[in-house]
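Only the coordinates and a few stated rules stand behind these numbers; no lab work does. Not measured: the values here are computed from a predicted model. Neighbour counts are summed over all protein chains in view; Cβ atoms, including those assigned to glycine, are modelled from backbone coordinates with ideal geometry.
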Amino acid sequence: MKKIHTEKAPAAVGPYSQAVEVNGMVYTSGQIPLDPATGELVGSTIEEQAEQVMKNLMAILEAAGTKPENVVKTLCFLTDMNDFAAFNEVYAKYFTEKPARSCVGIGALPKGAICEVEVIAAI
């Protein structure tokens, strides 16, 4: 198992890695909309936060030696399912190959984020 880390994505806020690679597959930890430089939450709207989440994920995928076209599964968390359509608008710009996906509504996310996404990708 290889741990993946990049300064272009926020450091973990707990005892976990940004991602790990096992047998040619990358498993990212859930990414919330944190600025990698400051560790602070970015944006207040779903569009702003989703955009930062995607930037963080793209940086991790790049560090792992893969790209969004190789993502096979995503898991998305929203604190308000009324944001589903607006979230999809941002998500669709990054995941054009339409990987398998789950999207669930949850009560709360760390640091007051309103969305979080994790991915599984082939190398």
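Can you confirm whether the range 40-58 contains a residue that is small (Gly, Ala, Ser) and surrounded by 19 or more Cβ atoms within 10 Å (Cβ to Cβ)? Step through it out loud before you land on a result.
Pass one, the range 40-58, residues small (Gly, Ala, Ser): 43-44, 50.
Subsequent filtering for residues that are surrounded by 19 or more Cβ atoms within 10 Å (Cβ to Cβ) retains 50.
For the range 40-58, residues small (Gly, Ala, Ser) and surrounded by 19 or more Cβ atoms within 10 Å (Cβ to Cβ): present.
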Among residues of the range 48-93 being assigned to a helix (DSSP H, G or I) and basic (Lys, Arg), the residue farthest from GLU21 (Cα to Cα) is LYS93
Need pairs with beta-carbon distance below 8 Å; first residue free of Cβ contacts under 8 Å to residues at least 60 places away in the same chain and hydrophobic (A, V, I, L, M, F, W, C) and within the range 53-79, second part of a helix (DSSP H, G or I) and buried (at least 18 other Cβ atoms within 10 Å of the Cβ); sequence gap 6+ or separate chains.
MET58/PRO68; MET58/TYR94; VAL71/LEU61; CYS76/PHE87; CYS76/TYR91; LEU78/ILE46; LEU78/PHE87
How many residues, within the range 88-123, are surrounded by 14 or more Cβ atoms within 10 Å (Cβ to Cβ) and in contact with an Asp or Glu (Cβ under 8 Å, 6 or more places away or on another chain)?
4
